[in-house]
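Accompanying notes for the structure given below.
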Amino acid sequence: MIMVKNNRYRLFLTGFLLFAGVFGGAYAQQAANLQQIGPTDKAATHAKLKATATEAGSGKEIYPMTPYDISPLLIGEKIEEASLKDADGRSVELAKVFDNKPTVLVMYRGGWCPYCSKQLSSLQELEPELIALGYQLVAVSTDAPEQLRTTLEKKELKYTLLSDADLSFARSLGIAYKAPKEYLQLLPTSTGGMDKDLLLPVPAVYIVDKTGCIQFEYINPDSRRRLNGDLLKAAALSLKPFL
C-alpha cells in the first residue's frame, strides 16, 4: 500500500505484489492475506464512504473535493449490485455480467478524455490475451449511451462499454469526487444531463470474481497515470488459479 499526498487517500498498488508473486512464488500467501480483511476494517471503510452521505440538517450530499480525498472499496470487499446502460440504452445488471466469468472492470472518465481514449485502445490490444486467460473486459464511464456508441465506433472496440452517467456506481465504489471547474460545462452534455452533482470518477482498474468480490485494484488520483498492460496481464495471470 502506498500513501499518496495525504493520509486520507490510499492508493492500492497491489499489482506490484501480484507481479512479484508471478516470479517469486509468493502470490498464494498474498492472495490469502488480501482476503483476510476483518469486519472492523470493512466497517471503517464503509463509515468513510457514508461520511459522504448527508450534511447535518441540510439534506445535501457531501462529496470528496479532490481525487486525493476519496475512500475506495478495498480488496476483499464486494461490489454493490448496479444497473447500468449499454451503448444501445438497454439496462444491464452488473451482477449478471460478473456471474458469467471473472471480470477486468475498468472505470474511466469518458471518451472525451485523451488519457482514457489511449487506455481504451491499449485494452483492445490486450483483450484477446485476457479472454484466453478466462476473463471478460468491461469498461464503465460517465458517458451517456449515445456517447458510448461514438467511442465504440471511433476506437473500433470489441469489448463492452457501459454508462454510469449519474455516477451512482462510481459513488458506490467510493471513487467519485467533485469535478474541477474546467469540466462543469462539459459534463452536462457528455452525461446527457444525468450528472446532477457534477462529479468525476478517479480512473480505476479492478479484477472481480464471479461473486463481484474485488481481487485486485489499481486506483490512481493522477488521471494521466494508467495501469500498464503488462502489469494488468501479470495480475490476471496470477489470480487465475484462485478465481
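In terms of the mean number of neighbouring beta-carbon atoms within 10 Å, the peptides 121-132, 152-163 order highest first as 152-163, 121-132.
One decimal place: the segment residue 222-residue 158 gains 20.3 nm when fully extended, by the rule 0.36 nm per residue minus the C-alpha distance. Near residue 160, the amide H atoms lying under 5 Å from its own belong to 137, 139; only residues 5 or more places off or on other chains count, and H is placed 1.01 Å from N.
Beta bridges per DSSP, both residues in region 85-173: antiparallel share near 20 percent.
A Förster radius of 45 Å, combined with the Cβ-Cβ distance separating residue 93 from residue 182, puts the computed FRET efficiency at roughly 0.85.
Computed packing ranks the peptides 88-101, 177-190, 197-210 as 197-210, 177-190, 88-101, most packed first, by mean other Cβ atoms within 10 Å.
Placing R0 at 35 angstrom, the Cβ-Cβ distance between residue 240 and residue 83 gives a FRET efficiency of 0.75 after rounding to 0.05. Peptide packing for 138-147, 65-74 was compared via the average number of neighbouring C-beta atoms within 10 Å per residue; ordered from the highest value, the list is 138-147, 65-74.
Only the coordinates and a few stated rules stand behind these numbers; no lab work does. In this text the structure is predicted, and so the values were computed from the model without any measurement. Virtual Cβ from ideal backbone geometry, glycine too; neighbours counted across all protein chains shown.
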